[in-house]
1. Every residue in segment A:411-430 that is open to solvent by 30 Å² or more (accessible area, probe 1.4 Å) and farther than 15 Å from residue A:235 by Cα, please.
2. Quick check on residue A:807: is it in a strand (DSSP E or B) and more than 9 Å from RNA strand B (Cβ to nearest atom)?
3. Quick check on segment A:753-775. Is at least one of its residues within 8 Å of RNA strand B (Cβ to nearest atom), free of Cβ contacts under 8 Å to residues at least 40 places away in the same chain and surrounded by fewer than 21 Cβ atoms within 10 Å (Cβ to Cβ)?
4. I'd like the residue in segment A:810-830 that is part of a loop (DSSP other than H, G, I, E, B) and not β-branched (Val, Ile, Thr) and, out of all such residues, is nearest to residue A:727 (Cα to Cα).
5. Are there any strands (runs of 3 or more DSSP E) wholly within segment A:286-347 with 1 or more residues that are among the acidic types (Asp, Glu) and open to solvent by 20 Å² or more (accessible area, probe 1.4 Å), and if so which?
6. What are the pairs with Cβ atoms under 8 angstrom where one residue, in segment A:622-643, is on the phi < 0 side of the Ramachandran plot and the other, located anywhere, is near RNA strand B (Cβ under 10 Å from one of its atoms) and open to solvent by 70 Å² or more (accessible area, probe 1.4 Å)? Sequence gap at least six, or different chains.
7. Just to verify a result, which residue in segment A:684-702, among those that are within 9 Å of RNA strand B (Cβ to nearest atom) and more than 30 Å from residue A:547 (Cβ to Cβ), is surrounded by the fewest Cβ atoms within 10 Å (Cβ to Cβ)?
8. Sort out which residues of segment A:412-430 are assigned to a loop (DSSP other than H, G, I, E, B) and without any contact (Cβ under 8 Å) to a residue 40 or more places away in the chain, and write them in order of number.
Amino acid sequence: MQRISGPHMQEKYQPAEVELAAQQHWVKTQAARAVEDTTKPKYYCLSMFPYPSGKLHMGHVRNYTIGDVLTRFHKMQGYNVLQPMGWDAFGMPAENAAIQNKVPPAKWTYANIDYMRSQLQRLGFAIDWEREFATCTPEYYRWEQWLFTRLYEKGLIYKKLGTVNWDPVDHTVLANEQVIDGRGWRSGALVEKREIPMYYMKITAYAEELLADLDQLPGWPEQVRLMQKNWIGKSTGVRFAFPLADNSNEKLWVFTTRADTIMGVTFVAVAAEHPLATRAAANNPELAAFIEECKKGGVAEADIATMEKKGMPTGIFVQHPLTGEQVEVWVGNYVLMGYGEGAVMAVPAHDERDFAFAKKYNLAIKQVIAAEGETFSLDGWQEWYGDKSRGTCVNSGKYDGLAYEAAVDAIAADLAAKGLGEKKVQFRLRDWGISRQRYWGCPIPVIHCESCGDVPVPDDQLPVVLPENVEITGAGSPLAKMPEFYECTCPKCGKPARRETDTMDTFVESSWYFLRYACPDNTQAMVDERVAYWCKGGIDQYIGGIEHAILHLLYSRFFTKLMRDVGLFGEQKLDEPFANLLTQGMVVAPTFYRDAEGGKKDWINPADVDVTTDERGRPTGATLKADGQPVVIGGTEKMSKSKNNGVDPQSLMDEYGADTARLFMMFAAPPDQSLEWSDAGVEGAFRFLKRLWKLSHDHVAAGIVPAYSGGELDGVLKDFRRQLHQTIGKVSDDYGRRKQFNTAIAAVMELLNAFAKLPDSPEARSVKQEALEAAVLMLFPIVPHACQALYAELKPGCDAGQATFPKADAAALVQSEIELMLQVNGKLRGSIKVPADAAKDAIEAAALASETVQKHLDGQAPKKVVVVPGRLVNIVV
RNA sequence: GCCGGGAUGGCGGAAUCGGUAGACGCAGCGGAUUCAAAAUCCGCCGCCGCAAGGUGUGAGGGUUCGAGUCCCUCUCCCGGCACCA
């Protein structure tokens, strides 16, 4: 094997040279190529694929370095490893770029992919590039269309009206992101809600399984499972009807989880789009105007939930299903047509929102729950009013005295007897609307025929190819303006027909790409038996941002189950795609700005700012490098274009090399926490690599020797060797179990600090050889280029990438004497040394005999002595 | 608004199962080297205090021999909220 850094080791660490040589070596030896091999355990390590936005940002560097560390570590542990990469290539930014720069989305996307691929290669990730694909190619999305037609036939995809943000000036549908303060981002027009037909995936049919299987995912963070559980939101309640008071036999259906409060209903609220509201508005211009007002504004839940609750009576009355009393129907802007029945019963006394609404409009508030020791008052809302775990029914006739569960059961039974309702399990989860009125996405494979209706495109006409030369204006859907795309013939009857011009939500592509990596070259099927090899028991590690905790991960779980039920996995049992999940935190950086006209702020990039500090290093101010004048120090925020606080990873790589970038990212914070960018921290990472290089160089220059393999050692060397093997144990645990790399790096740093203080003797040299070999292998997953070169110097002819990860030597860990802390009344007062195998009473005696303890006891007898083996002794006086 | 998370020196963070708070690194300070600087190496470094000592993990309360860690109340910050990806 070639010596990577040449016949004479460079004295100075030169990352550009070292990294180029290492990367060429890996390409030549196909080090990252993954081949199915049943003789080894497999390890599929997956990072969330990037949207090709132009260039890598720090979040990508962080995400993919974490993945690469785990990939390389597991390879050194003997696993057959797969680390793939691809491109989530459909999406809005390509259309925005097309509007701004007049570049076709496809061209822009492919150019970005080429650049970003080169950046990933420059970072030295052990990616199997033979498996790369972009989701915007027909070779990929044809299978998505194929699956769509299967699901459509199974009834798992259906059409219904959905509410979207409508820009009345641009005549276009806007994403929530494009609605700013209720206005369209380009036109500035007030956005309206509009109902249009859309295709939906029946994710609610899988709600029960998606919820239950969360318990089968011990490798997921508890917080993510909890978020998904709450999102699915299973609740048991009662669906029941209020008959209309006009004796028309019509009914208004509602769902409630608080049927126990049914006797406290004082009004009913319906959504603005509810048929009853429409009917009432027909001869009530004031109400019609109010309904129009409700339709203003966007559809985002966060906006609806925080806006002022408003309502108006309809003049329509319904009968209370149990008392027969007349109850008025109101239209409320906070009731959503898309949830449940689009109508809710209102119990102001026991629902905080209803309480506020009733106070505002002077509606009746009737207490029907009482809790012991509490007084009900209309002065203000109190927490216990809505707490179903407390209290019993009052003012509720035959239900008086019943607690929550008993009351719900009795009331549900009575409603059922009247044929007006029943208990029902309800999910918060809604079906997934996948239609988008956009160009740069996967065409929905449906043809609309006047005679045959909606006809899925037959297999032999797939893929429906997205035309690539299109003019994007930002107004309206481009495909709907292209007769050459939408004019077609019906596959059933052959008559002229119209092709669907909506495309799919881009979450669809990212819901199954991880399965396609197993078999990206298959032109005959969506997936094949290689999925059974790589995805058996789930993908071993998935790494990505916490912002995907709900949507992407839930959709991916859903798709895996859909594909299983379409029979795509054959005999293999694959219910869940990701066995282990690591959610990484954001990359944040300080912000700087100057106030500009109109209350706006000019954000200044951290790279252009000098921060001044006082004699203790505390920041006292900041100035712009260009003019030396002060700028305002803002908060520390997620790197973004809008705050101009992004740092380009490319400049980091150019200046320090890939290893320093990787080391800094892994050292600055544990993976799941946010990571604060710091120029000085990067310097520190670079300094450490220089130090590692120099220590190795000095050792190699004095002549390499066989690593220590046995024999008596004196105190210093014995202690150091114990530290070495403790470090090996800790680093293995940090990589393998804890997935916390900052502490692994810190442990190796400590080891090298101790290493630098070792004496120079023949014995010491063999221990140093052992330590350097181990340190270089331990750091290899994080800084593979430098370690590849160093290992070849320490063990000529050996390839660090093919080496086995060091194992701790149990014999080296044995300790004869240990130190115990001494506490008096819980306060640290000193320490004692005892034999490692000392008995409890011997420890107690030694502690009591110690000078410090005697001083604090001051002649008194201890009340209690607590001995924690291996830790401390606490004496209570 | 709802769901989930976070807060520890001047800064990033460590403390893995309730047991030495501040590992490791950055910044700072002192020294060595140097004509000088950079680089490098050595040492100091939570706060108050001359010291003894006291005090300290967002705020307040509690459990415990012992709390950064567990429980209750609160404040601020961050992620998600279904068309950003």
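1. Scanning segment A:411-430 gives A:413, A:414, A:416, A:417, A:418, A:419.
2. No: the conditions fail for residue A:807.
3. Going residue by residue through segment A:753-775, those that are within 8 Å of RNA strand B (Cβ to nearest atom) are A:753, A:756-757.
Those still in the list that are free of Cβ contacts under 8 Å to residues at least 40 places away in the same chain too: A:753, A:757.
From the residues that got through so far, the ones that are surrounded by fewer than 21 Cβ atoms within 10 Å (Cβ to Cβ) too are A:753, A:757.
Among the residues of segment A:753-775, at least one is within 8 Å of RNA strand B (Cβ to nearest atom), free of Cβ contacts under 8 Å to residues at least 40 places away in the same chain and surrounded by fewer than 21 Cβ atoms within 10 Å (Cβ to Cβ), which makes the answer yes.
4. Here the residue is A:815.
5. A:326-332
6. Filtered contacts from segment A:622-643: A:622/A:611; A:633/A:611; A:633/A:619; A:636/A:676; A:638/A:586; A:639/A:586.
7. Filtering segment A:684-702 for residues within 9 Å of RNA strand B (Cβ to nearest atom) gives A:684-688, A:690-691, A:694-695.
Of the ones still in play, those that are also more than 30 Å from residue A:547 (Cβ to Cβ) are A:686-688, A:690-691, A:694-695.
Working: A:686: 20, A:687: 11, A:688: 20, A:690: 15, A:691: 15, A:694: 14, A:695: 18.
Within segment A:684-702, the match that is surrounded by the fewest Cβ atoms within 10 Å (Cβ to Cβ) is A:687.
8. Listed by number, the list holds a single entry, A:419.
The values are calculated or read from the model by the stated rules, or taken from the named source; none is laboratory data. Values in this document were obtained by computation on a predicted structure and should not be read as measured data. Reconstructed Cβ throughout: ideal geometry from the backbone, glycine too, with neighbour counts over all protein chains shown. Quick note on the areas: whole protein, heavy atoms, side chains included, nothing else; ligands and nucleic acids left out. Shrake-Rupley method; radii C 1.70, N 1.55, O 1.52, S 1.80 Å.
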